[in-house]
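Only the coordinates and a few stated rules stand behind these numbers; no lab work does. Just so it is clear, the model here is predicted, and its values are computed rather than measured. Because the Cβ atoms are built from the backbone with ideal geometry, glycine has one as well, and the counts that use them run over all protein chains shown.
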Amino acid sequence: MNVFLHHLTKYTGLSQLHSRTLETLQVNLGARCTLECRHCHLAASPRRTEAMSETVMDQILTWLAGSNCQNVDLTGGAPELHPLFHRFVTQLRNLSVNVQVRTNLTIYLEPDMAETATFLRENQVALVGSLPCYLEKNVDAQRGVGSFQSAIQAIRMLNTLGYGLHPQWPLILVYNPGGPHLPPEQNRLEATYRQLLHEQFGLFFTRLITITNMPIGRFKADLRRQGREEEYRTLLEESFNPKTLEGLMCRNQISVRWDGQLFDCDFNLALDKPVEATHSNVAELSATDVIRPIVTGPHCLACTAGAGSSCSGVLV
Ligand code: SF4
Ligand code: SF4
């Protein structure tokens, strides 16, 4: 029994975590990214070449057309880099599903990306943009020199399009810690972001979500280099909060990798731990696969620490 299941059993008597209804399909379009962040759980970079095929995209569209799932969350890497990104988003919107894109923000400053933001606006696609701090030196340390100023420039451009200012164009910013500690309280941090980004740069955003760093991928390698892996593992374990179990995102979400393989979440995807369902590929996904035992591991303690963590922020 892994340490997460040990805690689950201790507090709930259950020996396994199970999914419920499927509310969100998370689609990972590929591992290529313009950045190479120190905390990236997927170890995305400009050198990664994995990308979803047209066939898998069609399988997703077919499945969505016959399902009640109303939300699609596009991620990567940088999903905007996918050559069929515009076409796929258009097809998803034609199915009347809500679409949101997880963006590194700076991508919209790339020369051939200028029209992508306008395209997303026209299609009323929500944006979830990574800005791990309101301080330049912290963002640059995590994401590369110059990345803070580029993100500020990108948010300014998105604001001119209405993002972060009008309800139909949400701009959600994402904070994650710069080191082996839990995020600060989400609402208080949002107020600080709002004040500083407005005062210093005249920027607007819809809301801020905090995400706890997963001890996997590049963040794990970083912890190991600093000799702080054990310290972080202990922090997550000691911060276990049973109230977060109810809202864990894997209970209402499934992730599709670029090759069609299904995972309980993007973290299990990064660890290459597929779903334990009858079918583990989107081409065969059926209603019975939606309700399944969730594949867990010690990394799940990052979702249950403190106020909890998910792709939508805190859980309690
Ligand atoms: S964390 Fe996001 S922006 Fe940074 S390398 Fe990974 S996918 Fe790219
Ligand atoms: S890491 Fe994934 S499977 Fe584990 S609790 Fe978090 S969302 Fe669920």
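Suppose each label sits 7 Å from its Cα in the direction of the beta carbon; what would the Glu23-His181 distance come out to in nanometres? So the label points at Glu23 and His181 sit 3.1 nm apart.
All other residues whose Cβ lies under 13 angstrom from that of Gln91 are scored, Lys and Arg at +1 and Asp and Glu at -1, for a net of 0.
Find how much the distance from Ala114 to Glu238 grows on full extension, using 0.36 nm per residue of separation minus their present alpha carbon separation; answer in nm with one decimal.
Length difference between fully extended and current span is 40.1 nm.
Take the Cβ-Cβ distance between Thr278 and Met1 as r, set R0 to 22 Å, and report the resulting FRET efficiency rounded to the nearest 0.05. Taking R0 as 22 Å, the efficiency between Thr278 and Met1 is 0.40.
Helix-only estimate, please: 222 nm mean residue ellipticity of the chain, summing -39500 (n - 2.57) across DSSP H runs of length 4 or more and dividing by its residues, to the nearest 500. Working shown, then result.
Details: 11 runs with 108 residues, N = 316.
It comes out at -10000 deg cm²/dmol, rounded to the nearest 500.
A crude spin-label estimate for the pair Glu36 and His86, with each label 7 Å from Cα along the Cβ direction, gives 3.0 nm.
Computed from phi, the 3J(HN,Hα) profile of region 281-291 under the Karplus parametrisation 6.51, -1.76, 1.60 (θ = phi - 60°) reads 10, 4, 5, 10, 3, 10, 4, 5, 6, 5, 8 Hz, with x in place of Gly and Pro.
Taking a ≥ b ≥ c as the square roots of the Cα gyration tensor eigenvalues, with a/c under 1.5 meaning rounded and otherwise prolate when a/b beats b/c, else oblate, which class fits the chain? Cα axes put the chain in the oblate bin. Label sites at Thr62 and Ser312, each approximated as a point 7 angstrom past Cα along Cα to Cβ, lie 3.0 nm apart.
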